[in-house]
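Trainee: So that we are looking at the same thing, I have put the structure below in structure tokens.
Just so you know, all these numbers are worked out from the coordinates, no wet-lab data involved. These figures come from a predicted structure and were not determined experimentally.
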Amino acid sequence: MAFVNKKKNNTKSLRSNNSGDDGNSDQAVTSVEVSDVSKVLASLSTQIDQLKTKSSFEESVKSILQTLTAQVKFLSDTSNATANSIDRVETDLAKTEQYARRNTVIVTGLEYKPQSETYEELSLNVANEISKCGVTVKRDEFAACHRNGNRLRKVTNPKSGKTTSSPPSVTVKFYNSNKKDLVLAKYRNYENGKPKKVRIAQSLSSYYLGLKAQIATFCKDRDVTIRWIHWRSQTSGLCIKIADSDRVITKVFCMGDFTAQLLA
């Protein structure tokens, strides 16, 4: 009996030991699973933080780009406004300078006697030449009359290539602007389609002389033929007659005025 009981006790002991091993095994498995989940969560948390950081960075970049774009636009608008303002100032100054020349004309091709020409003789010759247009002009109507230099100029004809000597031009200032305007309206610089020996034109400032040259170059580069370019008045500015057309472009005070009308 004692032997049987001992056997039973051993069996209980084995059961008891086996039961203890199973419990420890379950706890170990559970511990591993929790650890793995924690690692995954930690990894996800890191990735989420990185995404948040990346998203924040992208937003910062977008914000900076938007700011830079706005600043570039502002600077561009300011630059354009400044350029337009400068153009307006330049045009206004040119108009003021030209206004001071409103009574003045330039006579070219008038015969020149460098050794004997006096003011009285020069002014009389100018008055006689201008009067040929049908408007009687006396030399006492001139506030000033003088040669622009004292040497003959060499002039080369661009078509024939011939070089001729041209007398220095004459600057003539009238007392009365209405008389000057009448002379310019009546006097013809061309006869039978050819330029006359003596020609008369409005005295222009360097700004408008340069503008005439710009217009001529612009048209030449685009195969546009100009018949003539005249200064008409302070309100009409330069007037340009386009050949083979009835068009006369007026009120040209800058290159933009001309191109806008020509290309319209």
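Trainee: How large is ³J(HN,Hα) for each residue in the range 177-194, as worked out from phi by the Karplus curve 6.51 cos²θ - 1.76 cosθ + 1.60 (θ = phi - 60°), to whole Hz, x for Gly and Pro?
Mentor: 5, 5, 5, 4, 4, 5, 4, 5, 6, 8, 6, 10, 7, 10, 9, 6, x, 10
Trainee: How large is ³J(HN,Hα) for each residue in the range 91-108, as worked out from phi by the Karplus curve 6.51 cos²θ - 1.76 cosθ + 1.60 (θ = phi - 60°), to whole Hz, x for Gly and Pro?
Mentor: So the J values, rounded to whole Hz, are 5, 5, 5, 5, 5, 5, 5, 5, 4, 5, 9, 4, 9, 10, 10, 10, 9, 10.
Trainee: Please list, in order along the range 126-139, the HN-Hα scalar couplings obtained from phi with the Karplus expression 6.51 cos²θ - 1.76 cosθ + 1.60 (θ = phi - 60°), rounded to whole Hz, x for Gly and Pro.
Mentor: 5, 4, 5, 5, 5, 5, 5, 7, x, 9, 6, 10, 10, 5
Trainee: Let me ask something additional. Under the 0.36 nm per residue contour assumption, what length would be gained going from the current alpha-carbon distance of SER245 and ASP221 to full extension?
Mentor: 6.8 nm
Trainee: Pull up all non-local amide H partners of LEU152: gap of 5 or more, or a different chain, and H-to-H distance under 5 Å with H placed in the peptide plane.
Mentor: Under 5 Å from the amide H of LEU152 lies no amide H from a residue far enough along the sequence or on another chain.
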